[in-house]
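Okay, structure first, notes after.
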């Protein structure tokens, strides 16, 4: 392949992985997926990508590549797409119960990578329908094949610590899921089909590349635990109020500068983590956060923290450390069960005497 068209191929590969985002964001994530130095020439990046893909394909189908050298590969988007799909199919297949044994059969080992990949859906139809728990973490997955939706009995699915950048719409067919771990990937968005997980109890999206959430997140009425920490969220949808059974919500290390009022209307919310964001104010208004047990707001830009009068809150832990607060509200006595109050790292002045007496360490 001529060197001059490699930049175009590099951009097309990036677009395959990162559906949303601009060209800079796409190429940045592609470099992270393949651990490439961003300063490398594009032609060198393409060569290294195909080298990694070819090596992985060879490990999964050694007989096919026994007499093929790396130099004989063809650097085309079609070849990359085929490798990508079938490599990820086999990586998953080997982790499914009885999958590795099936692939180890002599007649299957003789098949090409592509031929094996074509058998994947047929095998799942015959052997994979009853699987309830599947751990696909740390496999190096860069693409989730559509056949994932055929594992319709799944109750727990772990896809953490991979290099996934998006989820196929077919994942919405896993309607029995109760636990879904997608932490430590490169997801840039969630498909609207996320709202089809009507039995989901726990959703872990820690350490991804999310900037927003689909409104369908509000359809997860059984959700109890939602971890969105270490993303790039700048806002939350008002539909978050519909998560009527949500108990813990982790939004640490995002880019939130404001919160929708609806977050305080989640009836059973007990734990709310908002450390390391860009919030400048927080108000516990009357009728909001009525069941909140623990609130963490450290390392924001708070200049205002307000607690409504004439309403008692059950809160026991409050972390306001490392903000820009000059004072604390006297209405903090509306938190009669408060056991822990952290305020270090604030330029506090004129602290109400009743607060000093109740929490002597405050200075």
* To do: Go through 64, 4, 94, 23 for me and flag whichever is outside the structural domain of residue 162 (by TED's automatic domain parsing), modelled with pLDDT under 90 and surrounded by fewer than 18 Cβ atoms within 10 Å (Cβ to Cβ).
  => 4
* Looking at (1) touching a helix residue (DSSP H, G or I) at 6+ places or on another chain (Cβ under 6 Å); (2) exposed (fewer than 14 other Cβ atoms within 10 Å of the Cβ); (3) more than 30 Å from residue 188 (Cα to Cα), can you tell me which one residue 38 breaks? -> (3)
* Extreme residue, surrounded by the most Cβ atoms within 10 Å (Cβ to Cβ), among residues of the range 323-339 that are over 26 Å from residue 278 (Cβ atoms) and out of contact with any helix residue (DSSP H, G or I) (no Cβ under 8 Å at 6 or more places or on another chain) -> 334
* To do: Working carefully through the options 186, 143, find the one that is farther than 17 Å from residue 230 by Cα, at pLDDT 95 or above and part of a loop (DSSP other than H, G, I, E, B).
  => 143
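The values are calculated or read from the model by the stated rules, or taken from the named source; none is laboratory data. Just so you know, these numbers come straight off a predicted model, no measurement behind them. So basically every Cβ, Gly included, is an ideal-geometry build from the backbone, and we count neighbours across all protein chains shown.
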